[in-house]
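> Dumping the structure here so I can ask a few things about it.
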Amino acid sequence: MSFEIHIYLGSACITEKSKHKYPVGEKHAFLFYLKQDKNSEYAPIQAEEVIAELGFSNIEFSRVGKVSPDRIGHGDKKDYYDNAIEHGSTFILYEDPM
């Protein structure tokens, strides 16, 4: 079966369940890579569920798109993509609060 990666840009608030060092309630931007079947529709509800399980609330998406594997190149973006293919998703939280 073929897969593709959907990427979600958004923001969310830290909860007690989060394993991040930031204060509860603090809002941060994030990038979220989600593995999906090829040519599938975006799945914001599924993305929100996974992000909530990671310990975040008030999840808002500002952009969504599909990652083209031939445009990734090398470095962090390639690592994030590969991790999502292997494990189903990759969550990147930006350090600075909003």
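Read-outs: derived from the displayed coordinates by stated rules, not from any lab. None of the values given here were measured: they were computed from a predicted structure. Reconstructed Cβ throughout: ideal geometry from the backbone, glycine too, with neighbour counts over all protein chains shown.
Quick grid of which residues meet (1) closer than 14 Å to Phe32 by Cα; (2) out of contact with any strand residue (DSSP E or B) (no Cβ under 7 Å at 6 or more places or on another chain); (3) among the charged types (D, E, K, R):
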site	(1), (2), (3)
Pro69	no, yes, no
Ile72	no, yes, no
Lys77	yes, yes, yes
Ile85	yes, no, no
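> While we're on this one: Just for the range 10-19: of the residues that are surrounded by 14 or more Cβ atoms within 10 Å (Cβ to Cβ) and in a loop (DSSP other than H, G, I, E, B), which one is farthest from the chain's Cα centre (by Cα)?
Looking at residues that are surrounded by 14 or more Cβ atoms within 10 Å (Cβ to Cβ) and in a loop (DSSP other than H, G, I, E, B), I get Thr15.
> Among Arg63, Arg71, which is the only one that is within 28 Å of Val24 (Cα to Cα), without any contact (Cβ under 8 Å) to a residue 60 or more places away in the chain and among the basic types (Lys, Arg)?
Testing whether each residue is within 28 Å of Val24 (Cα to Cα), without any contact (Cβ under 8 Å) to a residue 60 or more places away in the chain and among the basic types (Lys, Arg) leaves just Arg63.
> So, one more: May I ask you to say which residue of Ile92, Ile59 is in contact with an Asp or Glu (Cβ under 8 Å, 6 or more places away or on another chain), part of a strand (DSSP E or B) and among the β-branched types (Val, Ile, Thr)?
After applying the criteria, what remains is Ile59.
> State whether the residues of the range 25-44 include one that is assigned to a helix (DSSP H, G or I), under 14 Å from the mean Cα position of the chain (by Cα) and surrounded by 13 or more Cβ atoms within 10 Å (Cβ to Cβ).
Scanning the range 25-44 turns up at least one residue that is assigned to a helix (DSSP H, G or I), under 14 Å from the mean Cα position of the chain (by Cα) and surrounded by 13 or more Cβ atoms within 10 Å (Cβ to Cβ).
> In addition: For the range 62-89, which residues satisfy the criterion of being assigned to a strand (DSSP E or B) and surrounded by 12 or more Cβ atoms within 10 Å (Cβ to Cβ)?
The answer is Val64, Lys66, Val67, Ser89.
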